[in-house]
Amino acid sequence: MKFSATLSAAKFSFFFIFSFVLLLDHALCDSFCKFSNVRCHSYDKSKIVFKSCFLKAVRGEDSYMKVHAQLKEVGREANVSIRLLKRANGWKPFLYKVHFDACKFMKNTRANPVAEFFYNIMKEYSNVNHTCPYDHDLILDKFRLSSDLVKLPFPIGEYAVDTTWFVNGQLWARVNGSCRGAVDM
């Protein structure tokens with residue numbers, strides 16, 4: 001009986017310390033997942049050039065993304081394809097694959113809930129905040145994925161977002177980013 005009480009106290013102490021460490025870790029590093037890669041590719045450099053496309057580590061486990069696309073031609077119509085992938089013996093489709101007219105979407109962001117999900121995650125870090133035409137550089141600056149932005153439960157793993165951009169009826173660019181982590185919320 002005495003051994004059982006000591007064991008229970010030890011389990012409680014371990015659980016308390018473990019919970020405290022997890023809470024402290026979440027409070028200090030509020031990232032949903034840490035970026036591990038970003039790639040930007042221009043299919044026609046006479047139309048779009050990426051001035052910057054990189055990740056920067058901050059505060060140890062945290063990182064942010066910067067993408068700066070210089071448009072050489074006015075974008076009057078834009079169609080976007082977004083795929084969410086999860087790594088499991090290679091990259092596999094996970095939850096979302098959506099194609100939409102970006103100009104129509106920016107007129108009414110609630111018209112496409114999946115596109116709205118992705119837009120809401122990045123809108124405060126981007127100057128993509130109006131409908132077509134786009135006649136200026138497109139910038140995503142100091143973008144990080146925090147758990148307060150992503151309100152869906154994701155299993156722990158490695159994820160990627162693959163975006164393809166068709167502007168004025170032609171394939172202009174592809175931007176991919178991946179991250180490791182995620183949390184069960």
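Yes or no: Phe105 touching a helix residue (DSSP H, G or I) at 6+ places or on another chain (Cβ under 7 Å) and either among the aromatic types (Phe, Trp, Tyr) or in the same structural domain as Leu171 (by TED's automatic domain parsing) (or both)?
Considered against the rule, which asks whether it is touching a helix residue (DSSP H, G or I) at 6+ places or on another chain (Cβ under 7 Å) and either among the aromatic types (Phe, Trp, Tyr) or in the same structural domain as Leu171 (by TED's automatic domain parsing) (or both), Phe105 comes out as yes.
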Next on the checklist: I'd like to check something: does region 157-176 contain any residue that is in the same structural domain as Ala78 (by TED's automatic domain parsing), out of contact with any helix residue (DSSP H, G or I) (no Cβ under 9 Å at 6 or more places or on another chain), part of a loop (DSSP other than H, G, I, E, B) and at pLDDT below 85?
Outcome noted: no
Checklist outcome for this item: The residue from Phe50, Phe35 that alone is modelled with pLDDT under 95, under 22 Å from Ser178 (Cα atoms) and assigned to a strand (DSSP E or B) is Phe35
Next on the checklist: So for region 81-103 (the condition being surrounded by fewer than 15 Cβ atoms within 10 Å (Cβ to Cβ), of a type in the set (A, V, I, L, M) and modelled with pLDDT of 90 or more), does at least one residue qualify?
Outcome noted: no
Checklist entry - Within region 103-125, can you find the residues that are farther than 27 Å from Ser36 by Cα and not basic (Lys, Arg)? => result Cys103, Phe105, Met106, Asn108, Thr109, Ala111, Asn112
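The values are calculated or read from the model by the stated rules, or taken from the named source; none is laboratory data. This one's a predicted model, so the numbers in the text were calculated from it and none came from an experiment. Note that each Cβ is placed from the backbone with ideal geometry, even for glycine, and that neighbours are counted across all protein chains shown.
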